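This report refers to the structure that appears directly beneath it.
The values are calculated or read from the model by the stated rules, or taken from the named source; none is laboratory data. Just so you know, these numbers come straight off a predicted model, no measurement behind them. Cβ sites come from the backbone with ideal geometry, for glycine too, and all protein chains shown count toward neighbours. Protein only, heavy atoms only, side chains kept; ligands, DNA and RNA dropped before computing areas. Shrake-Rupley method; radii C 1.70, N 1.55, O 1.52, S 1.80 Å.
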Amino acid sequence: MLSNAIGIIQDNWLLLLIGQYPNGPLGGVAATLLLSVLAILLAFPFSVLVALARLSHLWALRIPATALVYGVRGIPLLMIIFWVYFMFPLLFGISVPGFATMLCTLVLYEGAFLSEVVRAGITALPAGQMDAARALGHSYGSAMRFVILPQALVNMLPSILSQFVSTIQDTTLGYVINVPELTFAANQINNRLLTKPFEVFLILALTYYAICFSLTQLASWLERSIATRRAGPAMPKLVLAQ
Amino acid sequence: MIKFQAVNKFYGDYCALADINENVAKGEVVVVCGPSGSGKSTLIRTVNRLEEIQSGEVLFNGRNVHARIKSAELNRLRSQIGFVFQSFNLFPHLSALDNVILSPWRVNAVSRAEARDRAMALLDRVGLANRALSYPAQLSGGQQQRVAIARALAMEPPAMLFDEPTSALDPEMVGEVLAVMRSLAKDGMTMMCVTHEMGFARDVADRVWFMDAGRILETGTPVEFFGAPQHPRAQRFLSDLRSH
Ligand SMILES: Nc1ncnc2c1ncn2[C@@H]1O[C@H](COP(=O)(O)OP(=O)(O)OP(=O)(O)O)[C@@H](O)[C@H]1O
Ligand SMILES: [Mg+2]
């Protein structure tokens, strides 16, 4: 069985890695990672905006943002994928490739979850930080930009990385709308071989595991090094107590 | 320079400030004291509107800080009122130097190079030029508070407010912070200080305000207040303080 699996990898590693590229669309691990990275890069600024809107004093910003977050968190990802996939062409009269559909969906979905992380990161900072910035004459925006967000975002890096791991796992659902990513490639192989589903999906699972496990390790390493840095070499007890 | 007119503040039903009418003149040093929970922090925080009030006016240089004013105008007023917190509230992601540079640079649009030169001079003034590149977590409490004073001075405020600047400090660090405050007072800075450092009040203050339960019960020169307090609450407060 092990030799079967190695044989499958030897025959199909390029397909698993980059799909049918350059003769077809980019696929495999490369597409999965590209999709995940683009999704998180776009979801991040989106999530900061949503978090700021949720914390806003203006109800016209706060209410739609809150509705969006609750809405998205209450719907399974697969439903959102179907909605974007079927509704987009109906509403705008253009058909959108699977990759772009999946990207939009992931930005919306991961962004809604990330915004809660960002919001928690902002509210977790001591109130004295905002007080100090305002007392120095910073506007709300300036205080956010130079004082609050730089601290909150560094504290949030491990959570952002965890969200990235979730994003990678969520890209597998792109399979249902024929996005040529890693799961899609594995299924192509399985359809071709027909007799070795166990080996094929073992390879698939191990690949996801290897990627996600190393990222999780990176996240916990980051978390530890941030905690050490925050404590500092000469932090007086009184400050820690507050 | 700072004028409280019929100021009232409530937290729900609780009256945190009751009918405050007082002035701090230009160049004057006022020490505010009183038991815990008497409203000292609340009072001093109304001056730059970190706390809202329900009625009355707080004038700074003739401008009512609590009027319906544009936020840009309020920010400009705040930038002219230095504020030093009990818990320092330095920005932990910035070095001591960058803490001092940030606000002149980003709020007052002073060039970064000029803000840097002035920041170095201010850190030198508070005796911390050699720690300019340290991060707050690497500094002792007394050093952090001195950086916080330098940070407030960087906006070149005509008045400084201090809310118990030494009460979070280990005893051996109190002196270094008070020394900086004394030198500011000597240079003619208008100051309003919430503090229980009676030595400082006696040497530096022009007047002492005694607060209890949201009211200013007594004001007087340090000699009057410490020598012969009039109000029974003030007498009890001083005898409690001395027995510690
Ligand atoms: N956010 C708040 N909500 C409700 N009550 C508050 C709030 N902040 C302060 N208070 C109350 O207002 C009163 C005055 O508080 P303040 O912090 O001004 O006292 P203080 O004189 O500075 O005391 P301390 O010496 O302990 O700093 C206290 O009784 C406090 O419990
Ligand atoms: Mg107080």
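When the solvent-accessible area of segment A:2-228 is split by element, carbon and sulfur atoms take up 71 percent of it, the probe being 1.4 Å. Protein heavy-atom surface of chain B, 1.4 angstrom probe: 48% of the accessible area is carbon and sulfur, with nucleic acids and ligands not counted.
Just subtract the alpha-carbon distance of A:L77 and A:L153 from 0.36 nm times their residue separation and send over the number in nm, one decimal.
24.8 nm
Rolling a 1.4 Å probe over the protein heavy atoms gives segment A:2-228 an accessible area of 50 Å² per residue. A crude spin-label estimate for the pair A:Y70 and B:Q235, with each label 7 Å from Cα along the Cβ direction, gives 6.0 nm. Ordering B:C15, B:I101, B:M173 by Cα displacement along the dipole of chain B toward the positive end leaves B:I101 in first place; charges were set at the Cβ atoms of Lys, Arg (+1) and Asp, Glu (-1).
For the residue pairs B:K3/B:K70; B:K3/B:K26; B:K40/B:K70, the alpha carbons lie more than 19 Å apart in B:K3/B:K70; B:K40/B:K70. As a calculated quantity, the FRET efficiency between A:R229 and B:A129 at R0 = 25 Å, using C-beta atoms, amounts to about 0.55. Potential lengthening of the chain between B:D19 and B:A213 amounts to 68.7 nm, from the contour at 0.36 nm per residue minus the alpha-carbon distance.
Which of the peptides B:97-108, A:152-163, A:180-191 is most tightly packed, and how do the rest follow, judged by the mean count of other Cβ atoms within 10 Å per residue?
Peptide ranking by packing, descending: B:97-108, A:180-191, A:152-163.
Take the accessible area of A alone and of B alone, subtract that of the pair with a 1.4 Å probe, and the total buried over both chains is about 2200 Å².
Placing dummy labels 7 Å off each Cα toward the beta-carbon, the span from A:L61 to A:M1 is 5.7 nm. In straight-distance terms, cross-link reach from A:K196 covers every one of the aspartates and glutamates whose alpha-carbon lies under 16 Å from its own, apart from those fewer than eight places away in the same chain; here that gives A:D11. Label separation (B:R76 vs A:R145): 1.9 nm, computed from points 7 Å beyond Cα along the C-beta direction.
Solvent-accessible surface (1.4 Å probe) assigned to B:H196 amounts to roughly 70 Å².
Normalised by the number of residues in segment B:1-129, the mean separation of alpha-carbon contacts (under 8 Å, six or more apart) gives a relative contact order of 19 percent.
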